[in-house]
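Contents: one structure, followed by commentary.
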């Protein structure tokens, strides 16, 4: 403002008349020949020498366990058995992969780029925070997440949590398709059930080929839950607990359609026998290669 400039000039004049010294503005020294410029190129955003975040040190959630399976493979049963362990918290399906991030302006995109993040990085930070909060509220040590559609992001799970542990839950392919069909027969004809569940199965097998993990058969889990859970606990490095097979004695939340199994069988509170394996002649041609890969056909 004008009055402020006048005040500065008056003060400067008074100082010079009293001291005999001349006040001048300091000039920025010119760089010597060959010295690198300290000014960033026009239009280029630079970070303050910030190293990129490393997931192995940047994550709140440590050593999470992901159960990868097709739908109708018994993942809710495995969830409640594991959730009955004092160290394992296995909530209902969280569907966290559907929680996405969007940069709505170019400055927001620039800001994230300057911080060393892309869209996937920020989603991973959000996912980690959501699941860590779920675990923290439970008061337990390790999280077990079992949303079936996670098979489609198995590579992102391994990227987001480099210390993640994987459990592959398999079931006879025709039993999977038939169970999915029976859940809503008027909306899910058998042909559609085969096509839909086969997509999950193929992706699950791809994950099994690329990730280290522990495979459990649904048929073994229902026939001998103690042996199956003992073997899994040994793989996870935690002691087996007898109360795991008595999941009805524990609180597992509400069994609700959309975030897990909701049928009377799971609500019974005890492991129910699985259905008989289908006759080889019943298996649709499109499911036979997967049944063979998983050891259900010779």
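A short reminder: the numbers here are calculations on the coordinates, not readings from a lab. Quick caveat: nothing in here was measured; it's all calculated off a predicted structure.
Things to note:
- Debye intensity ratio I(q)/I(0), log10, the stretch 98-160, q values 0.20, 0.21, 0.27, 0.29 Å⁻¹ (C-alpha model): -0.89, -0.94, -1.19, -1.27
- Two-decimal log10 I(q)/I(0) for the stretch 171-239, as the Debye equation yields it once each C-alpha is a single scatterer, q = 0.13 Å⁻¹: -0.51
- Span from the the stretch 142-216 Cα centroid across to the the stretch 274-288 one, whole angstrom: 18 Å
- Translational diffusion coefficient of the stretch 153-298 (Stokes-Einstein, Kirkwood radius from Cα pairs, 25 °C, 0.890 mPa s): 143 µm²/s.
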